[in-house]
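Asker: My questions all concern the structure below.
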Amino acid sequence: MHPQVKIDADPSAGWRDRMARQKLAELDRAHLRRRMVDAARTDSIWMVRNGRRLLSFSCNDYLNLAQHPALKQAAVEAIQRHGVGAGASRLVTGNHPLFRTLETRLARLKQTEAACVFGSGYLANAGIIPALLGREDLVLIDELAHACLWAGARLTRGTVLPYRHNDVGHAEALLAQHRERHRYALIATDGVFSMDGDLAPLPDLATLARRHDAWLMTDDAHGIGVIGGGRGSTFAHGVAVEVDLQMGTLSKAIGGYGAYLAASRPVIDLVHNRARTLIYSTGLPAAVVAAAIAALDLIERDPAYAAQPVANAKMFARLVGLPEAQSPIVPVIVGSAEAALASARLLEAEGFLVIPIRPPTVPEGTARLRLSFSALHPQPEIERLAELIRTRILAQ
Ligand SMILES: Cc1ncc(COP(=O)(O)O)c(C=O)c1O
């Protein structure tokens, strides 16, 4: 008998769907159920969703490069030359020559000896941290760090201690208390926080890391291309900051997909040998790598354009009366998940796409509209959005 038939005929199979439905009903009751909705991008800022054309403030394509002709052309040429898929892990036969070009460019941008490209940001963080630390080691992590930094930290099976958001004093107290019982230690933080848009206090964290003989790792998914003259959060503090492990993604301002670690040569060589998400995962397609190289060309050529998303975010925050924006991300915290859903519906009726962000992505009671500003958002639309949020959402 075909195994599929046997499973379908099994009367006990019913509990599996019952369990799934019950959990979904719980999420529904708490206004926390998520659904995928078809969202077709018509250009770099407009989308069609539920049959309506909406101006999106929820894409991370800060520089509007995902639809840029130069990136499209680079991707098409790479497909013609190298084919669609890499065909194997980079450690086997999937290491097409474009990787070397991209890694050289990333290392130059980040001012490190070397860089290594990963399949995605999640894969990078889940691979890098356990490649360097293990059971005997200590990871200090900002409580609001991205889920995949947490995943990487936990995969070490070592001691993982969260410190209060951006609270260097708390991180210091934890190091003072725990450091000497561990072989190696790592401080892990987002460079730009993905749901709050604020920057990590990198100069102070770097000093702390040196003092306690710890690595400092940043996840700069939302910094590269838009902060620090396009170089990322390491370069946004007016002083040279020593960050041992600069991780970031190619999926936000760079407009494509994938991620990287920029670090010293020996560390990158070790990552090639130890990062399981690199070793046991197929290399990125050549088209994506070629597009990332084209994106870096554009960013390096035009730093004024790279600064535009943050300028737009600052203008919006000023109009609404929010604290000054430090990055292209501006949170508008409304509190309950229900209020976030209602606010997003209100904005959608006015032609804006702003996806509500609810727990567990953000802490309980801090559900929010997370706005991401891009270089090409028209100023009159930013003004109209600010007015709506100020008068119809925050004034409630
Ligand atoms: C801070 C941060 N790190 C990592 C990731 C994951 O990157 P990727 O989408 O490439 O897996 C994201 C979001 O996607 C992010 O916001």
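The values are calculated or read from the model by the stated rules, or taken from the named source; none is laboratory data. Here the structure is a predicted model, which is why all the values come from computation and not from measurement. Here the Cβ is made from the backbone with ideal geometry for all residues, glycine too, and neighbour counts use every protein chain on show. The area values use the complete protein model at the heavy-atom level, side chains included, leaving out ligands, DNA and RNA. Shrake-Rupley method; radii C 1.70, N 1.55, O 1.52, S 1.80 Å.
Asker: Hydropathy first: keep DSSP H helices in the chain averaging at least -1.0 on Kyte-Doolittle, then drop any whose Cα extent along the axis falls short of 24 Å, and list what survives.
Answerer: none
Asker: For Lys252, list the aspartates and glutamates whose Cα falls under 18 Å from its own Cα; do not include residues on the same chain fewer than 8 positions away.
Answerer: Within the straight-line cut-off, Lys252 pairs with Asp43, Asp61, Glu103, Asp190, Asp196, Asp198, Asp219, Asp220, Asp297, Glu300, Asp302.
Asker: Expressed in nm to one decimal, what extension gain is obtained for the pair Arg16 and Arg210 from 0.36 nm per residue of sequence separation less their Cα-Cα distance?
Answerer: Numbers: separation 194, 0.36 × 194 = 69.84 nm, distance 5.10 nm.
Computed gain between Arg16 and Arg210 is 64.7 nm.
Asker: A follow-up question, please. About its Cα centre, how strong a charge dipole does the chain have in debye, to the nearest 20, once Lys and Arg get +1 and Asp and Glu get -1 at the Cβ?
Answerer: 840
Asker: Could you check what % of the DSSP bridge pairs in the stretch 149-298 are antiparallel, to the nearest 5?
Answerer: Bridges in the stretch 149-298 are about 40 percent antiparallel.
Asker: Now a separate question. Roughly how many Å² is the accessible area per residue of the stretch 300-396, as a whole number, for a 1.4 Å probe?
Answerer: On a per-residue basis, the stretch 300-396 sits at 45 Å².
Asker: Here is a follow-up. Suppose the chain between Ala151 and Trp46 were pulled fully straight at 0.36 nm per residue; how much longer would it get relative to their current alpha carbon spacing?
Answerer: 34.5 nm
Asker: Something else: Per q in 0.06, 0.08, 0.10 1/Å, what log10 I(q)/I(0) does a Debye calculation on the alpha-carbon atoms of the chain return?
Answerer: Evaluating at q = 0.06, 0.08, 0.10 Å⁻¹ gives log10 I(q)/I(0) of -0.26, -0.46, -0.72.
Asker: Hey, rough spin-label estimate for Glu381 and His165, points 7 angstrom out along Cα→Cβ, what's it come to in nanometres?
Answerer: Rounded to a tenth, the inter-label distance reads 2.8 nm.
Asker: Label points 7 Å out from Cα along the Cβ direction at Leu270 and Gln80: separation in nm?
Answerer: With each label placed 7 Å out from Cα toward Cβ, I get 4.4 nm.
Asker: Given contacts defined as C-alpha pairs under 8 Å and at least six residues apart, what's the relative contact order of the chain, whole-number percent? Walk me through the intermediate numbers first.
Answerer: Details: 784 pairs, mean separation 83.5, N = 396.
With pairs under 8 Å counted, the relative contact order is 21 percent.
Asker: Around Phe352, which amide H atoms from residues at least 5 apart in sequence, or from another chain, sit under 5 Å from its own amide H, with H modelled in the peptide plane?
Answerer: Residues meeting the amide H criterion: Leu55.
Asker: For the stretch 155-197, what is the accessible area per residue in Å² when the probe is 1.4 Å?
Answerer: 45
Asker: What is the dipole size for the stretch 37-141, taken about its Cα centre, with +1 at each Lys and Arg Cβ and -1 at each Asp and Glu Cβ, in debye to the nearest 20?
Answerer: 320
Asker: Classify the stretch 64-127 from the C-alpha gyration tensor, please: rounded if a/c falls under 1.5, else prolate or oblate depending on whether a/b exceeds b/c.
Answerer: It comes out oblate by the Cα gyration axes.
Asker: Once you charge only the Cβ atoms, +1 for Lys and Arg and -1 for Asp and Glu, what is the size of the charge dipole of the stretch 194-338 about its Cα centre, to the nearest 20 debye?
Answerer: I would put it at about 200 debye.
Asker: Between Arg301 and Glu180, what length comes free when the chain is fully extended (0.36 nm per residue of separation minus the Cα-Cα distance, one decimal in nm)? It would help to have the intermediate numbers written out before the result.
Answerer: Working: separation 121, 0.36 × 121 = 43.56 nm, distance 4.66 nm.
Extra length from Arg301 to Glu180 when fully extended: 38.9 nm.
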